[in-house]
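To keep things clear, I will list the structure first and then write my remarks on it.
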Amino acid sequence: MFKKIYLVLILAGLAAAQTNFEIATKKYLQDMGDKNVPKLYEKSCREDKNAVGCYIAAQLKAYQTYDLKDDDEHMRINSEVFELYKSACDLGYAKACSAAGDFYDSTPSNDNFVVEQDDTEKSAEFYEKACESKDGEACLKIAKKYDSASKFADALKYYKLACEAREAEGCYNAADIYESGDGTPKNSAEAAKYYGLACENGLGRGCAKSKKFSK
């Protein structure tokens, strides 16, 4: 009898020792539609400073805005989503930094949302943080922003960082800048190098350009 009670107490203790993130994940795997799951992930974010918990909570909350007709509710949820992405970013989760940057890029400029549409400086700030953590997609995004603004030297810097993270398009665009000489002296050797890297990372047109430079 005492052994059974002791075993129950041990199991209860183990259950109590579970982190908020573990509890949230367990519930999510049991029932993806459980409305308490986002709150549990958010709890892991706020109480445990779990960056991934912040990120997942943000994504699950974002799903709640699909087909939402109530403007005030839409604004409230989007505000929470953005703050959760920002929290995850501040805790060092690169994907969340990129997601926060996307929020500025993709959010329509109306009363339903928290931030103004296409705030280049703000989105660039978040993309830079993500890029510093070797998020190649974020490096590519900020490079394209600089490219569109004809800031080719800055674009080249971030295209090369994207390339280092194996983003083939970053390699290709870096090569294109070296070939054209936009914002930097023309450099055929560097162009050939980066077209070659674009090819190695699976971009067909990079292979075609690389062959052209190898002739």
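The values are calculated or read from the model by the stated rules, or taken from the named source; none is laboratory data. Keep in mind that this is a model prediction, so the values were computed, not measured. Using ideal geometry, Cβ is built from the backbone for each residue, glycine included, and neighbour counts are taken over all protein chains shown.
Looking at (1) under 13 Å from the mean Cα position of the chain (by Cα); (2) of a type in the set (S, T, N, Q); (3) surrounded by fewer than 18 Cβ atoms within 10 Å (Cβ to Cβ), which is the one condition that is false for residue 98?
The number of the failed condition is (3).
If we keep just the residues of the range 196-212 that are surrounded by fewer than 16 Cβ atoms within 10 Å (Cβ to Cβ) and part of a helix (DSSP H, G or I), which is nearest to the chain's Cα centre (by Cα)?
For the range 196-212, the residue satisfying everything is 200.
Among the residues of the range 77-84, is there at least one that is under 22 Å from the mean Cα position of the chain (by Cα), closer than 18 Å to residue 127 by Cβ and in a loop (DSSP other than H, G, I, E, B)?
No, every residue in the range 77-84 fails to be under 22 Å from the mean Cα position of the chain (by Cα), closer than 18 Å to residue 127 by Cβ and in a loop (DSSP other than H, G, I, E, B).
Quick one: how many residues across the range 51-82 are of a type in the set (Asp, Glu), under 20 Å from residue 35 (Cβ atoms) and surrounded by fewer than 16 Cβ atoms within 10 Å (Cβ to Cβ)?
Result for the range 51-82: 4.
Give the residue that is surrounded by the most Cβ atoms within 10 Å (Cβ to Cβ), with candidates limited to residues of the range 139-195 that are among the acidic types (Asp, Glu) and assigned to a loop (DSSP other than H, G, I, E, B).
Here the answer is 167.
Would you point out which residue out of 72, 48, 119 is more than 13 Å from the chain's Cα centre (by Cα) and at pLDDT 90 or above?
48
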